[in-house]
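Heads up, the thing below is written out as structure tokens.
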């Protein structure tokens, strides 16, 4: 989404159509489905704090910076991956859409993640629940070169096999491929999409293109970040797809945290579990 304004306009029609689909499907109930337990030693290390966080280089962001990081256990097993953003940076971004690419540390090579895209949307984007100032945080799993080759396609289709195997139940494609990004898949169980549901604060989007899974994307409003209680992590479960196409570390949860010292927001994929491609 190198040209965010054009991309947002392209999304309007398809997202408006999706609102109807979401409204019909949001009444369904779905149990939280988590895969088998994490690697035992990695879980013990994480709980006991026997992990190390490796940071990538700082990326200028407003009046502050953003930094990507990977948390690993003593044996090098990744347990979390995320990005930290200065609170003063989030409050000083311009009144126009901005896109930043935040470089992972070399320990990112232990995972299948390649880069983190941090997108600022001061006016939000369609559909209606998401017309609020918010951040889109893309955890990409393809090379920048491959991603930049993704063109705009207004009606990009996926196979039934891809949807059934590599997306969680009740995730639905927007069908439109966004240049240098791909197609977004939204969770019809997201509370803000239900009739008379609560206002959008945070949600989880997934992405793909050409029947290939490409990214995991927490989406969070600026207002939500600015009203977080300090040092109280907000951990949300992630419903799992039956299979994965690419072997690697996939999150069972995503976590949002405000650390008053040094004044940073943290957005991360957590409880990473290794899954083999099928």
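Please work out whether region 114-191 counts as rounded, prolate or oblate from its C-alpha gyration tensor, where a ≥ b ≥ c are the square roots of the eigenvalues and a/c under 1.5 means rounded, while otherwise a/b larger than b/c means prolate and anything else oblate?
Oblate is the answer for region 114-191, as a/c is 1.5 or above yet b/c matches or exceeds a/b.
Give me the extension gain from residue 101 to residue 145: residue separation times 0.36 nm, minus the current Cα-Cα distance, reported in nm with one decimal.
Separation in residues times 0.36 nm, less the Cα-Cα distance, equals 14.5 nm.
If I take R0 = 35 Å and measure r between the Cβ atoms of residue 236 and residue 159 in this structure, what FRET efficiency does the formula 1/(1 + (r/R0)^6) give, to the nearest 0.05?
Calculated value: 0.75.
For region 159-278, state the average projected area of the convex hull of the C-alpha atoms over all orientations, rounded to one decimal in nm².
Mean orientational projected area (region 159-278, Cα hull): 8.6 nm².
Let me check against my output: what whole-number percent is the relative contact order of region 173-222, with C-alpha pairs under 8 Å and at least 6 apart?
About 29 percent, as a whole number.
Please give, to one decimal in nm, the separation of the simple spin-label points placed at residue 58 and residue 75, each 7 Å out from Cα toward the Cβ.
3.6 nm
Relative contact order of region 154-278, please, whole-number percent, based on alpha carbon pairs below 8 angstrom and at least 6 residues apart.
Result for region 154-278 is 20 percent.
Taken together, the values in this text are just the output of simple stated rules run on the coordinates, not laboratory data. Just so it is clear, the structure is predicted and the values come from calculations on it, not from any experiment. Glycine gets a Cβ as well: all are built from the backbone with ideal geometry, and neighbour counts include every protein chain shown.
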